[in-house]
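The values are calculated or read from the model by the stated rules, or taken from the named source; none is laboratory data. In this text the structure is predicted, and so the values were computed from the model without any measurement. In this analysis, Cβ positions are derived from the backbone assuming ideal geometry, glycine residues included, and neighbour counts consider all displayed protein chains. To get the accessible areas, we keep the full protein, side chains included, count just its heavy atoms, and leave off ligands, DNA and RNA. Shrake-Rupley method; radii C 1.70, N 1.55, O 1.52, S 1.80 Å.
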Amino acid sequence: MNSPTLTASEQHLSNALRPSLNAVESHPVFGTVQNEAQLRTFMEFHVFPVWDFMSLLKFLQAELAPSTWPWMPRPLAHGDLVRLINDIVTGEESDKLPKSHRSRSTHASHFELYLLAMREVGADTTPINAFLEMVMSHGLEAALDAPMIPEPSRAFMKDTFALLKQGDAHRVAASFSFGRENVIPGMFNSLLEKLGIGEDRAPIFHYYLKRHAELDGDEHGPSALRLVATLCGDDPAKIDEAVESAKASLASRARLWDSVQTTLSA
């Protein structure tokens with residue numbers, strides 16, 4: 001399928017962020033994982049960014065397709081963005097479960113699939129579950145300072161929620177669109193193959209990676225650039241702010257990978 005022609009704003013965003021994207025996508029942490037113990041450690045750090053990704057998504061849904069009543073129509077120019085964000089929410093928050101894992105429910109969020117994948121390879125889900133319980137009982141601010149969170153994951157999440165507190169949709173969209181983890185499915189697939197973890201042992205893990213790659217690559221990923229450009233419009237200041245926020249998000253991701261690599265190497 002041919003790629004759509006980029007607008008001037010989309011091309012500018014793409015060009016400005018390519019070096020930062022390359023630095024994250026080629027980070028040496030992905031070559032550091034050499035055994036199952038290191039894979040488990042990586043996932044125990046990574047599960048927190050998998051969780052906070054959903055808050056970026058729900059912020060954008062609230063901006064573009066708010067679930068309030070009485071309902072009011074959105075600007076006509078945003079119709080495609082409303083459809084896009086609702087499609088992404090449907091896939092990320094309620095994707096189909098494989099038939100072998102359907103019991104009381106036939107759908108689950110990608111975060112829940114990731115937790116199941118962690119359990120398949122023996123990774124510890126106790127810290128993330130305890131963190132979520134604390135968010136519910138004591139609120140986000142208290143939970144972000146809880147001792148069960150790995151320090152690199154804590155720093156990453158604090159960057160995410162600081163951006164959300166600013167409340168600028170074009171900045172959040174830039175972080176959401178360019179701070180995504182397009183490299184993760186390929187990295188995990190090669191690791192599972194190298195470590196001999198087949199579908200018979202970790203069916204949910206393999207299914208999660210397949211769905212993640214399908215949705216981000218074929219459906220959601222190509223539209224992300226348009227999401228940011230549309231929210232910026234022709235405003236040069238907003239475009240610069242979007243680039244700034246995307247670079248900050250990618251730098252935060254790079255710092256996370258630096259810390260995870262140090263932990264794995266040690």
**Positions within segment 59-96 being in a helix (DSSP H, G or I), without any contact (Cβ under 8 Å) to a residue 12 or more places away in the chain and of a type in the set (A, V, I, L, M, F, W, C), in sequence order** = A62, L76
**Request:** Sort out which residues of segment 56-80 are within 25 Å of F161 (Cβ to Cβ), touching a helix residue (DSSP H, G or I) at 6+ places or on another chain (Cβ under 8 Å) and of a type in the set (A, V, I, L, M), and write them in order of number.
**Result:** L56, L57, L60, L64, A65
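May I ask you to list the residues in segment 117-131 that are over 17 Å from the mean Cα position of the chain (by Cα) and open to solvent by less than 60 Å² (accessible area, probe 1.4 Å)? Before the answer, list the steps.
Just the residues of segment 117-131 that are over 17 Å from the mean Cα position of the chain (by Cα), to begin with: 119-127, 129-131.
Selection gives E120, V121, G122, A123, T125, P127, N129, A130, F131.
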**Request:** Determine if segment 183-198 includes at least one residue that is open to solvent by 10 Å² or more (accessible area, probe 1.4 Å), at pLDDT 95 or above and within 18 Å of the chain's Cα centre (by Cα).
**Result:** no
**Message:** Between a residue in segment 131-146 that is within 17 Å of D159 (Cβ to Cβ) and any residue that is in a loop (DSSP other than H, G, I, E, B) and aromatic (F, W, Y), which pairs come within a Cβ distance under 9 Å, given they are 6 or more apart or on different chains?
**Reply:** none
**Asked** Does segment 231-260 hold any residues that are assigned to a helix (DSSP H, G or I) and open to solvent by 50 Å² or more (accessible area, probe 1.4 Å), and which are they?
**Response** P236, A237, K238, D240, E241, E244, K247, A248, R255, D258
